[in-house]
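Taken together, the values in this text are just the output of simple stated rules run on the coordinates, not laboratory data. Computed from a prediction, not measured in an experiment: that's the story for all the values here. Note that we place each Cβ from the backbone using ideal geometry, even for glycine, and neighbour counts take in every protein chain shown.
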Amino acid sequence: MARANAAYYATYDPFADFTTAPEISQVFGEILGLWAAVMWDRIGRPDPVLLVEAGPGRGTLLADALRAIREVAPAFGSALRLHLVETSSRLRALQAARLPGAVWHDGLATLPDGPLLLLANEFLDALPIRQFLRRGDAWVERFVEKGRFVEAAADAPPSWSGGATMTTGAPRAKDEGAARSMTIELCEAAHDFARSLASRLSNHTGAALFLDYGPECSAAGESLQALRDGRPTDPLADPGTADLTAHVDFAAIAATARAAGAATHGPLPQGVFLTRLGLFQRTDRLARTRQPSQALALIEAARRLAEPDRMGRLFKALAVCHPGCPTPPGFEADSQ
Ligand code: SAH
C-alpha cells in the first residue's frame, strides 16, 4: 500500500480525485496562517523561525497563509523561513511555482535546528497503514500480492496499553464461525512522524497543527478507502492510480507525541476550531468585496468546512507543542 500511494502522488493529480479544505476556500489557508502568526507571538517572536508544511499538495494553503500573514503580521512574514516536507517531485514542482524561496525535505530529519511552526492538512491520512485482522484467538496481517489481498499469520499487533501505536476497540462479531473478529489499522509512519516532531519540540520551542479526518477516540474497524475521480473505488484496482487514505487515530497519535515529550491540545472538531478562529467573520468580510454569486460561493464553502454533517465533525484539529508553550489559538477553552 505504501508503494501504491507513493506512485499515485508521484504520477497523478490527486486533486482530480478529491478536494481538500484549502482548495475549497481561500479562507482556510488564511486562517491557518494567522494561527501561526498568533502562535509566533505567543512563543516570543523568535527570528528566524521555521514555517513548515508537511504534504503541501498544490501549495494552496501556504500561498493563502502567506498572503494573510504579509497583510496582518508583516514582522512574522520577515522572520519566517519556508520549509516543505514533500516526497513527490511532481508536486514539488507545482509548489515551487507558488512558493518561491521554499526549501524541500523528504522528512523532518533534515530541517535546520531552531523554533518551528508546522502545518499539516490531510497529511497523516496519506501515510501507509498496515491492517491486522483478528480471527478468534489468532491474528493475521493483510498484504497486497499480485493485485489481491492475501493474509499471513501474524503476532498480535503491539498492544494498546503497551505501545499506543494502534487503533483498538470492542470486538465486532461478523459471523458464527468467527465470533471474535476485528480489524486493527496501524499507521507506523504517522507515529514515527509524531515521535520525531515531538522530540524536536521538546528541544526547541514551537508548535504543530494537524487537520485530518478520523475519530476522536481510537476505534477498531476498517477505514482504508480509495478514491478515483472523486468516487470510492476498489483499493486493489490499478494500484498507484487512485488515492488511498485511512482515518487518522488522533488519540493514539497524541499519546505518541506526549510520550516523546511534547504537549498536545485537542483533537477538536474542525468546525469548532475554524469557527473559533473566525472562519465566518473573515468569510463575510471577503464576501462583501465580491460579486453576489462569488460571495454566495464563499459562504457555501465556509459552511462545507464547518457544518457538523459535512467536514466540520469528522475532520479534527490537533496541536502538538513544546511543553512550555502557551495554549495555541482555538484550543484555549479545552485546556485543563
Ligand atoms: N495538504 C494538501 C495536500 C494533501 S494530499 C492539501 O490539503 O491540499 C497529501 C500530501 O502529502 C501530498 O502533497 C503528498 O505528496 C504528500 N505526501 C504523501 N506521503 C508523504 C510522505 N511520506 N512524506 C511527505 N509528503 C508526503
| query | Build a GNM of the chain with springs between Cα atoms under 10 Å: which of ASP137, ASP284, ASP309 gets the top mean-square fluctuation? | reply | ASP137
| task | Give the shape of segment 178-336 as rounded, prolate or oblate, defined through the alpha-carbon gyration tensor: a ≥ b ≥ c are the square roots of its eigenvalues, a/c under 1.5 means rounded, and otherwise the shape is prolate if a/b is larger than b/c and oblate if not. | result | oblate
| said: Per DSSP helix of 4 or more residues, -39500 (n - 2.57); summed, then divided by the residues of the chain. What does that give at 222 nm, rounded to the nearest 500? | reply: -10500 deg cm²/dmol
| said: I'd like the FRET efficiency for THR241 and ALA96, computed as 1/(1 + (r/R0)^6) with the beta carbon distance as r and R0 of 22 Å, rounded to 0.05. | reply: 0.30
| query | Using a Gaussian network model of the chain with C-alpha springs under 10 Å, which one of PRO239, PRO323, PRO158 is most mobile by mean-square fluctuation? | reply | PRO158
| field | Highest-MSF residue in the chain out of GLY206, GLY44, GLY221 [GNM, Cα springs under 10 Å] | value | GLY44
| Förster radius 30 Å - calculated FRET efficiency between ARG258 and ALA333 (Cβ-Cβ, nearest 0.05) | 0.90
| task | Would you list the P(r) distribution for the chain, with all Cα-Cα distances sorted into 10 Å bins from 0 and each bin expressed as a whole %? | result | 6, 25, 34, 24, 9, 2, 0
| Isolated Cys in the chain by the 4.7 Å beta carbon test? | CYS187, CYS217
| request: Quantify how much of the Cα-Cα distance distribution of segment 280-333 extends past 13 Å, in percent. | output: 68 percent
| said: At R0 = 35 Å, how high is the FRET efficiency between ALA154 and THR11 if r is their beta carbon distance? Nearest 0.05 is fine. | reply: 0.65
| query | So between GLN281 and ALA297, what do we pick up on full extension, going 0.36 nm a residue minus the alpha carbon distance? | reply | 4.3 nm
